[in-house]
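The values are calculated or read from the model by the stated rules, or taken from the named source; none is laboratory data. What you are looking at is a predicted structure, and each value in this text was computed from that prediction instead of being measured. Please note: Cβ atoms are built from the backbone with ideal geometry, for glycine as well, and neighbour counts cover all protein chains shown. To get the accessible areas, we keep the full protein, side chains included, count just its heavy atoms, and leave off ligands, DNA and RNA. Shrake-Rupley method; radii C 1.70, N 1.55, O 1.52, S 1.80 Å.
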Amino acid sequence: MVPQPESNSPREEIQYFKSKCALCLKCIEVCPEEAFTLTLDGIKEFDRSKCTLCGECVKNCMYDALVFVSKSMSPEEVVRVVLQDEDYYRNSGGGLTISGGEPLLQKKFVMEIFQRTKSLGIHNAIDTAANVRWEDLQDVLPLVEFWCC
Ligand code: SF4
Ligand code: SF4
């Protein structure tokens, strides 16, 4: 299993920390999809194409060697988290940056967050490779203050 940085995939992701793994093999036992393959020096193979993200392995790993490193959130939930730092933004002139992976793969989600935060006077930036359709860039253009490409 190769550790993956979060948000490379548009799906939720599970990360494996080999240094924490006690080789109890519980994950192999509980995985209904047989996504794990044991090698002689540890559980190294994780066929993510088989994984349905049921969470059984994460729930049953007593050593926190398998963890979800992302979760699904609504735009409202994200804005609620952003607003926890509202005082800091107002005092520093800072704001919210959305990065990825590629945030514009979730254009509607990004637009909804920026619409809400802009209406509250919170600055924003987007970190994108801009490797999306021109129409998608045009849609977000009026909402973005700073582009990091
Ligand atoms: S359940 Fe956790 S500790 Fe046990 S083998 Fe799997 S990853 Fe390692
Ligand atoms: S989340 Fe479910 S399907 Fe995916 S590896 Fe873990 S137990 Fe298997």
Subject >> Breaking point among (1) more than 15 Å from ligand 2 (Cβ to nearest atom); (2) open to solvent by 70 Å² or more (accessible area, probe 1.4 Å); (3) touching a residue at least 24 places away in the same chain (Cβ under 8 Å), for Asp41 >> reply: (3)
Original post:
closer than 16 Å to Ser9 by Cβ and open to solvent by 80 Å² or more (accessible area, probe 1.4 Å) - does that describe any residue in segment 58-72?
Top reply: yes
**OP:** Could you please give the count of residues in segment 129-149 that are out of contact with any strand residue (DSSP E or B) (no Cβ under 7 Å at 6 or more places or on another chain) and part of a loop (DSSP other than H, G, I, E, B)?
**Re:** 6
Subject >> Candidates Glu13, Glu45 - the one that is among the acidic types (Asp, Glu) and over 30 Å from Val132 (Cα atoms) >> reply: Glu45
Subject >> Options Gly100, Gly94: the member that is in the same structural domain as Asp136 (by TED's automatic domain parsing), free of Cβ contacts under 8 Å to residues at least 40 places away in the same chain and open to solvent by less than 40 Å² (accessible area, probe 1.4 Å) >> reply: Gly94
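Give me the helices (runs of 4 or more DSSP H) completely within segment 1-110, filtered to those with at least 1 residues that are away from ligand 1 (no atom under 16 Å from the Cβ), ordered by residue number. So that I can check it myself, show each step before the final result.
Numbers: elements: 26-30, 56-60, 75-83, 86-92.
Here the list reads 75-83, 86-92.
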